[in-house]
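Before any comments, here is the structure.
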Ligand SMILES: N[C@@H](CCC(=O)N[C@@H](CS)C(=O)NCC(=O)O)C(=O)O
């Protein structure tokens, strides 16, 4: 085993130095706002404050799917929260999510605004509000909720565990990478076995469980996360690949992946979304760039 450390933890941990690594400038051991700044509010019933990380994409995919189904009440303004710059610590953001993490949603369609934070809670809130993508039959609903919460419990091992130590940590620690690679491959296998027998994660219908799982495990399978496709042999998870490819053909998934994106090809980035026509402008930009 390499990278053995002679670090001995002190009796009491104190914040006496930066954590190092990719997120050193935003990591802090205390909650609350660092500065006073109100959030912008647009004209639509739903105001989303987010970034196109996998957790952010879950919600924009859901909103685009709801709009594609004809739910005009799902019209939304998507505002960009640059977490690398600390936007999640503004007083306005903390009022919507005291946990200072994207995504956060304000529903302004009723007499008093309703805040919702945690991506799983937002998906459930929207599914309940619009009566869509959450089965009503007890057994199918239980399966959908089980997989939704599987994702919420599993992804921190993928992002905070594997992704962090494989990509972002200041040093490569073999023990940490082995531990989380093992767990992530196990999770991919759980999903692969499920998708070998069912078209979608919760069964025969497309639900919020697919929307929650796709940006994380579909993204990993398609090689978008952590540059780890080869390392994790993601091509071996054939059923996950089949499912991810099928979801990728959905226009709402394609749109949802673009909203609040600030990395990758410029033509795939829609920093803010305030109108459906924002995507058309983007498509024209893309065509212009290709010719
Ligand atoms: N359990 C939360 C996790 C959200 C989360 O971790 N968001 C990250 C981006 S993917 C974030 O905002 N990080 C900023 C920070 O940690 O300061 C959810 O699913 O909504």
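The values are calculated or read from the model by the stated rules, or taken from the named source; none is laboratory data. Being a predicted model, the structure only gives us computed values, none of them experimental. As a convention, Cβ positions derive from the backbone with ideal geometry for all residues, glycine included, and neighbour counts pool all protein chains shown.
Numbers below:
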{"quantity": "Residue within the range 125-140 that is without any contact (Cβ under 8 Å) to a residue 60 or more places away in the chain, within 13 Å of the ligand (Cβ to nearest atom) and closer than 20 Å to residue 58 by Cβ present", "calculated": "yes"}
{"quantity": "Leading residue by the ranking (nearest to the ligand (Cβ to nearest atom)) among those in the range 37-66 that are closer than 24 Å to residue 154 by Cβ and assigned to a loop (DSSP other than H, G, I, E, B)", "calculated": "53"}
{"quantity": "Number of positions in the range 24-34 that are touching a helix residue (DSSP H, G or I) at 6+ places or on another chain (Cβ under 7 Å) and either surrounded by 12 or more Cβ atoms within 10 Å (Cβ to Cβ) or not in a loop (DSSP other than H, G, I, E, B) (or both)", "calculated": "3"}
{"quantity": "Filter result (in contact with a helix residue (DSSP H, G or I) (Cβ under 8 Å, 6 or more places away or on another chain) and away from the ligand (no atom under 11 Å from the Cβ)) within the range 95-109", "calculated": "106, 107, 109"}
{"quantity": "Filter pass, residue 196 being modelled with pLDDT of 95 or more, within 30 Å of residue 136 (Cα to Cα) and either surrounded by 19 or more Cβ atoms within 10 Å (Cβ to Cβ) or in contact with a strand residue (DSSP E or B) (Cβ under 9 Å, 6 or more places away or on another chain) (or both)", "calculated": "no"}
{"quantity": "Within the range 229-268, tally of residues that are outside any loop (DSSP other than H, G, I, E, B) and touching a helix residue (DSSP H, G or I) at 6+ places or on another chain (Cβ under 6 Å)", "calculated": "16"}
{"quantity": "Selection within the range 54-96 - within 17 Å of residue 120 (Cβ to Cβ) and touching a residue at least 60 places away in the same chain (Cβ under 8 Å)", "calculated": "54, 55, 56, 57, 58, 59, 60, 61, 62, 63, 65, 66"}
{"quantity": "Number of positions in the range 249-271 that are surrounded by fewer than 16 Cβ atoms within 10 Å (Cβ to Cβ) and more than 16 Å from residue 68 (Cα to Cα)", "calculated": "6"}
{"quantity": "First in the range 3-31 and at positive phi and at pLDDT below 80, second anywhere and away from the ligand (no atom under 16 Å from the Cβ) and not in a loop (DSSP other than H, G, I, E, B), Cβ under 9 Å, 6 or more apart", "calculated": "3/174; 3/175; 3/176"}
{"quantity": "Flag if residue 225 is within 16 Å of the ligand (Cβ to nearest atom), farther than 30 Å from residue 6 by Cβ and not in a helix (DSSP H, G or I)", "calculated": "yes"}
